[in-house]
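First the structure, in the form of structure tokens, and then the observations on it.
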Amino acid sequence: AHQLGTPISSMMGWVDLLEAEASPDDKAMHGTLKEMRTDLARLTRVAQRFERIGSQPKLEPLDVNEVIQDVVVYLRKRLPTRGRRKVELVAQLEEVELVPGDRELISWTIENILKNSIDAILRGETGSEVTVRTAPGNPGGVRILFEDDGPGIPEALQNRIFDPGFTTKTRGWGLGLALARRIVEEYHGGRIRLLRSTPGVRTVFAVSFPAGQDPSRSRN
């Protein structure tokens with residue numbers, strides 16, 4: 001995280017310079033620079049997330065729907081718009097209660113699962129839609145379903161997807177789902193699992209976060 005700090009700060013400086021030199025009437029340039037700032041701010045948070053993995057996070061009342069909306073808006077703007085493969089990202093969010101959570105770590109988990117689905121569709125020959133749904137948990141809390149109609153996960157590999165270092169991608173460390181499980185289950189007392197995956201039909205992941213006492217009340 002510390003090693004990323006200097007180049008990120010340098011890049012922010014270059015963005016400041018470009019913004020200062022851009023014509024006030026150049027809306028396209030200012031729009032591009034705004035998105036660059038968004039990406040750099042997100043990169044800063046990504047670097048900070050690794051620091052949080054090593055310590056017990058502070059859980060505060062969290063609106064999971066709000067976190068999902070932020071991630072979906074960010075990813076939609078970065079979906080490919082050219083080429084033969086296009087992906088639609090859909091959010092279907094029911095009203096749910098607040099749950100104790102670390103916003104950055106839960107955001108990371110949601111983004112990781114959605115990006116896995118998007119990448120699988122773009123790499124494969126089938127699929128065009130990724131859907132994230134929320135619903136009240138039973139009993140209490142929040143349940144999130146992640147669905148895609150991509151190529152799916154072969155049955156022989158399904159028991160290994162949460163293992164550290166396991167990946168079906170040509171590049172990557174295979175840590176995404178392993179860290180997601182740690183975040184959900186160890187840090188938040190929730191559960192993450194693969195409900196089903198039929199190659200070429202549908203893959204469904206489920207994540208649940210339990211209800212809990214508002215941390216601010218527990219300190220009173």
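Computed quantities for the displayed model
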quantity	calculated
Radius 11 Å from Cβ of THR32, net charge of other residues (Lys, Arg +1; Asp, Glu -1)	-1
Positive-pole candidate from GLY137, VAL96, THR126, dipole of region 60-218, charges at beta carbon	THR126
Scattering curve values for the chain, log₁₀ I(q)/I(0), Debye with Cα scatterers, q = 0.11 Å⁻¹	-0.63
Label-reachable residues, region 107-134, where backbone N falls under 18 Å from a point 7 Å from LEU93's Cα toward its Cβ	107-115, 130-134
Under 13 Å, Cβ to Cβ, from LYS115 - net charge with Lys/Arg +1 and Asp/Glu -1	+2
Percent of beta bridges antiparallel (DSSP, the chain, rounded to nearest 5)	80
Check: the chain dipole with +1 on Lys, Arg Cβ and -1 on Asp, Glu Cβ, in debye	620
Sorted peptide list for 111-124, 65-78, criterion being average Cβ within 10 angstrom, highest first	111-124, 65-78
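Read-outs: derived from the displayed coordinates by stated rules, not from any lab. Remember, it's a predicted structure, so these values are computed and weren't measured experimentally. Every residue, glycine as well, gets a Cβ built from its backbone with ideal geometry; the counts of neighbours run over all protein chains shown.
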